[in-house]
Every structure is written in C-alpha cells, then in structure tokens.
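Please read the structure below before turning to the comments.
The values are calculated or read from the model by the stated rules, or taken from the named source; none is laboratory data. Every value quoted in this text rests on a predicted model; they were computed, and no experiment measured them. Reconstructed Cβ throughout: ideal geometry from the backbone, glycine too, with neighbour counts over all protein chains shown.
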Amino acid sequence: MKIYSPEKEGERNNMKKNEELLEHASFGKLVLNLCVPSIVIMLVMVIYNMADTFFIGQTGDPNKIAAISLCAPLFTILSGLGTLFGSGGCTAISIALGKRDFENIRHYTSFCCYAGLALGFLFSGIVLSCTPAICMALGADADTLGFTCNYLRIIAIGAPFIMFTHIFANIIRADGAAFQSMIANGLGTVSNIVLDAIFIMIFHWDVSGAALATILGNILSCLYLFYYVTRKQKAFSLSLKYFSLRKDISLSILSLGLPMACSTLLMSFSHVIANRMMVGYSAVALAAQGVAGKCSMLISMLAMGICMGIQPAISFSYGRRNLERMKLLIRNTGIVTFLIGTVLSILGMVFRDTLIALFIQNDDVIAYGQIMIIANLITGPFYGLYQLCQSFLQSTGKASYATFTAFLDKGLYYLPILFLMEHFFGMYGIAFTGAVTLFFSLITGALLSFRWSRQIAAQ
C-alpha cells in the first residue's frame, strides 16, 4: 500500500508544472518565465560589477580603478570555475528532467556542490599564499601594487561563497526556478551597493571596502540559495550520500560545463596579457579601458541572460526529440538578441561621454575612453548570436564543438590578433582586438552549429 505524502505530491506537481512550461509554453511565455528573470540576473550582475568601479571612481584616483581592473581576470577565473559546475549542472539536470531521471538529478546537484567548494577553497589557498607575486603577474606596478594586493586578498577569502553562488544560481534554473535565482542575485547586489557606499564613502576603506562589500554580498546570496536548495526544492540534494565521482556523473557535468568555463577562463588569461600591454601605455589608459568594459557589459550580459534563460527549454526539447520546437526557440532567440544589441550599441556610442563621466571625473580617462567605448560596443549586435551558438551546442550535448569555439574566441584567435593589433595600431589596437576576434569566432560558431543541427536531424 502506497502512503500519501503531501511533500512528495507537491514535488510531483511542481515538476509537472515546470515540464508543461518547458515543453508547451509559447516563446513569449518562456521569455517571460525564464529569460526575463535571467536578464534581471544579468542586469544585477552588471550593476554588481559596476558598483566597485563607480564608488572607487568617486575618489578620483585612476590608480585605484586600475587596481580593480587588474584584479578582474582573477575574479573571472573564479567565476569560470563556478560556471564549469553551474552551467554543466544546469544542462545535465535539464536533460535528465526531460528524461524524468530524478535519481541522477540528486547526484548532479551533490557533485556540483562539493566539487565546486573544493575548488573554491583551493583557489583561496593559492591566492592568499602568494598574493604579491600574483598581483605583479597581473601587471601591477609600484603605483597600483598595494591597492591590487589589498583588493585581491579579501576577494580570495570569500572565494568558496562566490563559487557556491555562481554554481547554484545557474543550477536552480534547470527546473524553471529562474525567479529564485534572480532573488539571490538581487539580494547580493543591493547589499553590495549599500555596503560600497558605507565602506568607501563613509569609512574611506577604498579598495579594501569595495572587496569586502563584494564578499558580504555574495555571502547573502549564498545563504538564500542554500535555503532554497535544501528547503524548497526537494528534487535537488546536497547530501553527501549522493556525492559520487562516477564517470557518468562527473564527466557529464564537466564536459557540458567545459565550453562556457573554457570561454571564461581563456578570457581571463587573455585579459591578463591585454592588461599588461595596456598598463605599459599608462595606468590612465588601463583605467579608461576598465570603465569602457564596464559600460559594454550591459549588452553582453543581456545577451547571456537571454541565451542562458532559454537554454533549459532547448535542452528539454532536445531530450524529448522535439526538434521543430528547438529550432523555433533558437531562431526567435537570435532575432531578439540581435535587435537588443543593435539598439543598445547605438545608444552607448551616442552618450559615451556621459557614461564615462558617471564613473570618474578625469579628463584624460574620458579622452581615452571615447574610442575605447566604441571598440567595446561595435560588436553589440553580434555578441548575442555568438552566445546563442555556444548555448545551442552546449545545451544539446555537443561539448566538443562549443569548447573548440571557445578556445578560438578567447585564445587561438584572440592572442595572435592582440599582438598584431598592438603592433600596428598601438593602444587602440588592443582596445579593438575583442571586436575583430568576435567576428571570426561568430563565423566559426555558426558553421559548427549548422553542421551539428544537420547531424541531430539525421539521428
């Protein structure tokens, strides 16, 4: 005799509701339920990343902004490691949900939790044990070394919390819980902004205050996600009894998460080289490039939000072999990202002086930043299409193609183009390297996506 359990019944009803959304909802409804929360998350992340630069910019010291810019690649590495488990876990869980494989869903979430935390603590140990050497390797000089070390040490202490947040903000989207992910990121961002204002403007802790605000914001997000995963989503589990290093568990997640993680990690490595080259011209030039990069984040993060939001639906359709629906989702997503990117790029170029002045009132930074903003925004209409290629390949399990494209975009294409552009065009050649690289990467990603789509149709 079966015993009725309200808890299990609620779990089944929730799963059924999410399955109905992923399988039958219109594109507009999917955008509203999945993409809008993801977009809000990305916007929150934009604000999150801008907050430190904005408040430090109010001090009027380009060296402090340069120090934060130098630390950005290390922060990106940490985010990339989180993406390895978060993005891979989200895709694996979405496919498992399409197959109703609930046992493996619990194994996936437990593995992502403990493997991710292990990497977070390892990151902390490495950075804290050799902070000055790492900062000099990032390009810090006598003017920026002290600020860079202070910022990085505090970020390293909070690495496990940052890791957990990145992982589970992605994972909980797998069953349609994008709203909860939005709440988690929103809590972290609001607290970061408030604490930035207190620590920097009132206590005058400068870069140390900015780093501390970032960590405390991530801790708050982490606590909310932990509560949701352990108390509200019974399909997931953080229990050690579900933790397993079985190849079908670990390799599934790592292979699916590798493309986006590789993209992020290679981007970090490439940015270290680019920052070292830029700081050779001046700390002011690096500060201007850092501000321009923050301004262009809005477009890239919006595109990522849309593509990441629709990814569970693509994975679900692929798992159910509903290829027509999968194609419809991909086509509509491409149109939306292109239009949004075009409009925002035009607006950013028109009001570029105002954007830079919001961060720092320094004539030299504003002068450098005018061209650098154009260099960062010129790819706006096309970034979403590139991200869509990556998301399609990843969400359908073709990790090898997505990984290859990521390597080209952030390494094999980027680095040779970087050195050539710097050789012929100097400082502004460095600034335009990302744009040139993206166009080559988009062509490659589109060709590989087309090839894989034909293979799927023939299966």
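Just one of the numbered conditions (1) part of a helix (DSSP H, G or I); (2) surrounded by fewer than 18 Cβ atoms within 10 Å (Cβ to Cβ) is not true of Tyr281; which one?
(1)
Quick one: is Gly60 under 16 Å from the mean Cα position of the chain (by Cα) and small (Gly, Ala, Ser)? Before the answer, list the steps.
Values: under 16 Å from the mean Cα position of the chain (by Cα): no; small (Gly, Ala, Ser): yes.
Here the answer is no, as Gly60 does not meet what is asked.
Out of all the residues in region 352-364, which are hydrophobic (A, V, I, L, M, F, W, C), assigned to a helix (DSSP H, G or I) and touching a residue at least 12 places away in the same chain (Cβ under 8 Å)? If you could, list the steps in order and put the result at the bottom.
Step one: filter region 352-364 for residues hydrophobic (A, V, I, L, M, F, W, C), giving 355-360.
Next cut, assigned to a helix (DSSP H, G or I) only: 355-359.
Correct list: Leu355, Ile356, Leu358, Phe359.
Under the condition of being within 17 Å of His271 (Cα to Cα) and among the hydrophobic types (A, V, I, L, M, F, W, C), which residue from region 120-143 is nearest to the chain's Cα centre (by Cα)?
Across region 120-143, the extreme among qualifying residues is Leu138.
Under 7 Å between Cβ atoms, at least 6 apart or on separate chains: pull out the pairs that start in region 273-284 with a residue that is under 20 Å from Gly411 (Cα atoms) and end on any residue that is of a type in the set (Asp, Glu) and surrounded by fewer than 23 Cβ atoms within 10 Å (Cβ to Cβ).
From region 273-284, the pairs are Met277/Glu422.
Please work out if Ile335 is modelled with pLDDT of 85 or more, part of a helix (DSSP H, G or I), closer than 18 Å to Gly28 by Cα and not aromatic (Phe, Trp, Tyr).
yes
Is region 259-266 home to any residue that is out of contact with any Ser or Thr (no Cβ under 9 Å at 6 or more places or on another chain), buried (at least 17 other Cβ atoms within 10 Å of the Cβ) and in a helix (DSSP H, G or I)?
So far as region 259-266 goes, yes, one or more of its residues are out of contact with any Ser or Thr (no Cβ under 9 Å at 6 or more places or on another chain), buried (at least 17 other Cβ atoms within 10 Å of the Cβ) and in a helix (DSSP H, G or I).
Please indicate, with yes or no, whether at least one residue in region 410-418 is farther than 21 Å from Thr76 by Cα and either part of a helix (DSSP H, G or I) or charged (D, E, K, R) (or both).
Within region 410-418 (the criterion being farther than 21 Å from Thr76 by Cα and either part of a helix (DSSP H, G or I) or charged (D, E, K, R) (or both)), the answer is yes, since at least one residue qualifies.
May I ask you to list the residues in region 221-237 that are buried (at least 20 other Cβ atoms within 10 Å of the Cβ) and within 18 Å of Gly158 (Cα to Cα)?
Ser221, Cys222, Tyr224, Leu225
Of the residues Ile171, Ile162, Ile167, which is within 17 Å of the chain's Cα centre (by Cα), surrounded by 24 or more Cβ atoms within 10 Å (Cβ to Cβ) and more than 30 Å from Glu20 (Cβ to Cβ)?
Values: Ile171 fails: more than 30 Å from Glu20 (Cβ to Cβ); Ile167 fails: more than 30 Å from Glu20 (Cβ to Cβ).
Of Ile171, Ile162, Ile167, the one residue that is within 17 Å of the chain's Cα centre (by Cα), surrounded by 24 or more Cβ atoms within 10 Å (Cβ to Cβ) and more than 30 Å from Glu20 (Cβ to Cβ) is Ile162.
How do the pairs read when you match residues in region 200-212 that are farther than 17 Å from Tyr48 by Cα with residues anywhere that are modelled with pLDDT of 90 or more and of a type outside the set (A, V, I, L, M, F, W, C), using Cβ under 8 Å and keeping only pairs 6 or more apart or on different chains?
Phe203/Gly209
Give region 79-103 a look and list any residue that's surrounded by fewer than 24 Cβ atoms within 10 Å (Cβ to Cβ) and closer than 17 Å to Gly120 by Cα, or say none.
Across region 79-103, the qualifying residues are Ser79, Gly80.
Against the definition (touching a Phe, Trp or Tyr at 6+ places or on another chain (Cβ under 9 Å), in contact (Cβ under 8 Å) with a residue 24 or more places away in the chain and not charged (D, E, K, R)), how does Thr403 come out, yes or no?
no
So Asn275 passes all but one of these: (1) of a type in the set (S, T, N, Q); (2) touching a Phe, Trp or Tyr at 6+ places or on another chain (Cβ under 6 Å); (3) more than 28 Å from Leu34 (Cα to Cα). Which condition number does it fail?
Exception for Asn275: condition (2).
Please list, ordered by residue number, the helices (runs of 4 or more DSSP H) wholly in region 97-214 having 3 or more residues that are under 28 Å from Ala283 (Cα atoms). Give the steps one after another, and end with the answer.
Working: elements: 102-129, 131-138, 145-157, 159-171, 178-196.
Helices (runs of 4 or more DSSP H) meeting the threshold: 102-129, 131-138, 145-157, 178-196.
Go through (1) among the small types (Gly, Ala, Ser); (2) assigned to a helix (DSSP H, G or I); (3) crowded, with 19+ Cβ neighbours inside 10 Å and name the single condition Gly397 misses.
(2)
If you check Met349, Met372, Met427, which single one turns out to be touching a residue at least 24 places away in the same chain (Cβ under 8 Å), surrounded by fewer than 21 Cβ atoms within 10 Å (Cβ to Cβ) and under 19 Å from Arg276 (Cβ atoms)?
Met427
Keeping to region 232-246, report how many residues are part of a helix (DSSP H, G or I) and under 26 Å from the mean Cα position of the chain (by Cα).
Applying the first criterion (part of a helix (DSSP H, G or I)) to region 232-246 yields 232, 240-242.
Then keep just the ones that are under 26 Å from the mean Cα position of the chain (by Cα); that gives 232.
Total meeting the criteria: 1.
Could you please let me know if Ala184 is of a type in the set (A, V, I, L, M, F, W, C) and in contact with a helix residue (DSSP H, G or I) (Cβ under 7 Å, 6 or more places away or on another chain)? Show your work before the answer.
Values: of a type in the set (A, V, I, L, M, F, W, C): yes; in contact with a helix residue (DSSP H, G or I) (Cβ under 7 Å, 6 or more places away or on another chain): yes.
Taking the combined requirement at face value, the residue satisfies it.
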